[in-house]
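Peer 1: I'd like to ask you about the structure that follows.
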Amino acid sequence: MNNLKFRYDQTSVRLEIEGLPDSSIGQDKTKLGIVSSWRLDLVGSPQLEGRREHLQSLIDVVYPYVRYRLSGISKSFVDKKNQIKITSSIFGTKLLLTSSQANTDPLTIELDDAELSDLLFCLDSFRHDPRVEIDFSPPPFTPLPRSELLERIPFYKRFGASLFGITCIAVASMLFLTFYDEPQYQNTPSPEQKIKKSL
C-alpha cells in the first residue's frame, strides 16, 4: 500500500498526518482517503497523537472557540466524548486533554494567542489541502445569540447614553420650574371701557 505522510508547519506548531488512499472507491494514489494516525507538536508541550476521531474532536472544539474569541466572548467548549476541553485562561487558552487509556492523567496545555493562531493555521491548511479527500468540517456556524453579544458589552456602555439623556432632561426641567416666574398681566381696558372714557 502507498503510505502517505503530509506535514503542516507554522512557527510554533507542526501537524503531521499519515494515511492511505481509499482504494475501495478507486481513489488516486496521491490522495488521502484514510487517516491512520496524526501527531501534533506544540513548542514547549508534549507531542499529541491519536486516531481520526480525536483529530475531528480537536477541530470540533477549536473552531467554535476561536470564533467566539474573535467576537470578544470567552466560552468553553467540550467534544462529544468529553476528551478535549478548550477554555480561556490567564495565559490565553487552555487545552485539557483526557486520554481514553486507563491510568493516564489528563494533560493540560497552555497556549498564548500566537500559538492558538498557529494551531488554527495548521488545521486550516490540512482541511483545505486538495490532496486530502476527507471531510473534517467543524460544527456549522450559526449566528451568535443576541444575549451572548450583549453580555460582553458593559452596562454603562449599553445604557449610559440613555441614562445621560434622561438625567439631562430631568435637570433642565427642574431648573426651568425653579426659575420660572408667572408673567404679570396688566389690566387692559376692554373696548367698551375705552368708549365710555372717550364719552
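The values are calculated or read from the model by the stated rules, or taken from the named source; none is laboratory data. All of these numbers come straight from a predicted model, not from anything done at the bench. All Cβ positions, even for glycine, are placed from backbone atoms using ideal geometry, and neighbour counts span all protein chains on display.
Peer 1: Does L20 satisfy the criteria of being touching a residue at least 40 places away in the same chain (Cβ under 8 Å), in the same structural domain as S137 (by TED's automatic domain parsing), over 30 Å from R146 (Cα atoms) and buried (at least 17 other Cβ atoms within 10 Å of the Cβ)?
Peer 2: On the way: touching a residue at least 40 places away in the same chain (Cβ under 8 Å): no; in the same structural domain as S137 (by TED's automatic domain parsing): yes; over 30 Å from R146 (Cα atoms): yes; buried (at least 17 other Cβ atoms within 10 Å of the Cβ): yes.
In short, no.
Peer 1: Suppose the filter is of a type in the set (G, A, S), assigned by TED's automatic domain parsing to the domain that holds V13, in contact with a Ser or Thr (Cβ under 8 Å, 6 or more places away or on another chain) and modelled with pLDDT under 95; does S74 pass it?
Peer 2: Answer is yes for this residue.
Peer 1: Return the only residue of S147, S89, S137 being small (G, A, S), modelled with pLDDT of 85 or more and under 16 Å from the mean Cα position of the chain (by Cα). If you could, list the steps in order and put the result at the bottom.
Peer 2: Values: S147 fails: modelled with pLDDT of 85 or more; S137 fails: under 16 Å from the mean Cα position of the chain (by Cα).
On inspection, the qualifying residue turns out to be S89.
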